[in-house]
Amino acid sequence: MAEELTALRQIHTWDLVSLPLGNDTISCRLLYTIKTKYDGSVERYKARLVAKGYSQQYGFDFVDTFSPLAKMTKIHTVVAFISVRQWKIFQMDVKNVFLNGDLYK
């Protein structure tokens, strides 16, 4: 958990600000997960901080929700295209990533 929080602080995931008058905070909780290897042994421990979104009100706390996803059919199509063109393909494992850029429609 300390490693995850340190990584989030280093990439400036959030800023502490004062709560506007008349607003309530949205509570959160830490979720812990144990990632295992194929043989069942422990690979690593993970911790995620998640907001309790069910306490939010549409139009007051948020307007739209959006979560960019990569579907397996799209990944299969890209890999097939790469193999037909005989291009090189590389795999990369990312230890900690947080996409905090602006998303536009």
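Suppose the filter is touching a Lys or Arg at 6+ places or on another chain (Cβ under 8 Å) and among the β-branched types (Val, Ile, Thr); does VAL17 pass it?
On the way: touching a Lys or Arg at 6+ places or on another chain (Cβ under 8 Å): no; among the β-branched types (Val, Ile, Thr): yes.
When the stated conditions are applied, VAL17 does not pass them.
Could you tell me which residue of region 21-50 is surrounded by the most Cβ atoms within 10 Å (Cβ to Cβ), considering only residues that are in contact (Cβ under 8 Å) with a residue 12 or more places away in the chain and of a type in the set (Phe, Trp, Tyr)? Quick ask: steps written out before the conclusion?
If we filter region 21-50 for residues that are in contact (Cβ under 8 Å) with a residue 12 or more places away in the chain, which is where we start, we get 26-34, 45-50.
Now narrow it down to the ones that are of a type in the set (Phe, Trp, Tyr): 32, 45.
Working: TYR32: 9, TYR45: 12.
That would be TYR45.
Looking only at region 1-38, which residues are among the charged types (D, E, K, R) and either over 20 Å from ASP93 (Cα atoms) or under 15 Å from the mean Cα position of the chain (by Cα) (or both)? Break it down stepwise before answering.
Step one: of region 1-38, the residues among the charged types (D, E, K, R) are 3-4, 9, 15, 24, 29, 35, 37.
Residues satisfying the conditions are GLU4, ARG9, ASP15, ASP24, ARG29.
Is at least one residue of region 51-58 modelled with pLDDT of 80 or more, surrounded by 10 or more Cβ atoms within 10 Å (Cβ to Cβ) and among the aliphatic types (A, V, I, L, M)?
Quick first cut of region 51-58, residues modelled with pLDDT of 80 or more only: none.
Looking through region 51-58, none of the residues is modelled with pLDDT of 80 or more, surrounded by 10 or more Cβ atoms within 10 Å (Cβ to Cβ) and among the aliphatic types (A, V, I, L, M).
What pairs can you find where one residue is in region 5-20 and in contact (Cβ under 8 Å) with a residue 60 or more places away in the chain, the other is among the polar types (S, T, N, Q) and assigned to a loop (DSSP other than H, G, I, E, B), and their Cβ atoms are less than 6 Å apart, with a gap of 6+ or different chains?
Taking only residues 6 or more apart or on different chains, the pairs are ALA7/ASN96.
Within region 31-43, how many residues are at negative phi and either assigned to a loop (DSSP other than H, G, I, E, B) or of a type in the set (Lys, Arg) (or both)? It would help to see each step written out before you state the result.
Applying the first criterion (at negative phi) to region 31-43 yields 31-39, 41-43.
With the extra rule that they be either assigned to a loop (DSSP other than H, G, I, E, B) or of a type in the set (Lys, Arg) (or both), the set shrinks to 35, 37-39, 41.
Residues flagged as at negative phi and either assigned to a loop (DSSP other than H, G, I, E, B) or of a type in the set (Lys, Arg) (or both) within region 31-43 amount to 5.
Within region 51-61, how many residues are free of Cβ contacts under 8 Å to residues at least 24 places away in the same chain and assigned to a strand (DSSP E or B)? Talk me through it step by step, then tell me what you get.
Initial filter on region 51-61 (free of Cβ contacts under 8 Å to residues at least 24 places away in the same chain): 54, 57-60.
Next, only the ones that are assigned to a strand (DSSP E or B) stay: 58.
Total satisfying the criteria: 1.
The values are calculated or read from the model by the stated rules, or taken from the named source; none is laboratory data. Remember, predicted model here, so these are calculated numbers, not experimental data. Using ideal geometry, Cβ is built from the backbone for each residue, glycine included, and neighbour counts are taken over all protein chains shown.
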